[in-house]
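Worksheet: one structure, shown below.
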Amino acid sequence: MAYPGERLHRYIYHKAYRDKQFFESLRPAEYKNLSVLLEEDEPGVRLASGQYYMFSREDLETLRNMLPWYLHSLVKLPFFFIYSRTGHVGSYKLVGPDRWAARAIGYILEGDLTQEKWELSGSEMERLLALLKSLIIVSLSISL
């Protein structure tokens, strides 16, 4: 015999599971160097869902002009963030691709190449999105 509320519990669990699958499908399956993307006719990467995510050539050129030339072959895209919220404070954690991405973001936001930015505030993310919106993917993490 089912316990009271079992149907509701199952519904919520399955809904959360579908949402989790959706957000996991946004994760990039590959990352490409800025220098490689600048040479492609249709710059983009494959997502975990199998879809192809396209970058704006204008955003790629903006990033190229912002970063020193020697970082073009080191910085991989897209910048992949997970949004999390604790109380009233939200933050964006860089989870991909690597430390060169964190350094590039530190250089863009702080003007300091040695500053690795692994976590951004809402205002920092707004500044970054205003400059490079197609190079950034933001997702959520759902734990079941």
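Read-outs throughout are calculated quantities, based only on the coordinates presented, and are distinct from any laboratory measurement. Everything numeric in this text was worked out from a predicted model, so none of it was measured. Cβ: placed from backbone, ideal geometry, glycine included. Neighbour counts: every protein chain shown.
Values computed for the structure shown
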read-out	value
Nearest-ten-degree value, helix 57-66 long axis tilted from longest Cα axis of the chain	60
Neighbour-count ranking [beta-carbon atoms within 10 angstrom, fewest first] of Thr62, Thr114	Thr114, Thr62
Ranked His88, His9, criterion: other C-beta atoms within 10 Å, fewest first	His88, His9
Rounded Å value of the spacing that divides the Cα centres of the range 1-34 and the range 91-114	29
Lys/Arg +1, Asp/Glu -1 at C-beta; the chain dipole; positive extreme among His9, Ala102, Tyr31	His9
Cα gyration tensor, the range 6-140 - rounded (a/c under 1.5), prolate or oblate	oblate
Derived scalar couplings ³J(HN,Hα) [the range 6-11; Karplus, 6.51 cos²θ - 1.76 cosθ + 1.60; whole Hz; x for Gly, Pro]	4, 4, 5, 4, 5, 4
Folded to 0 to 90 degrees: helix 122-132 orientation relative to the chain principal axis, Cα	50
Exposure proxy ranking, count of Cβ atoms within 10 Å, fewest first, for Arg103, Arg85	Arg85, Arg103
Expected 222 nm ellipticity per residue - DSSP helices of 4 or more, -39500 (n - 2.57), all of the chain, to 500	-12500 deg cm²/dmol
Beta bridges per DSSP with both ends in the chain, % antiparallel, nearest 5	75
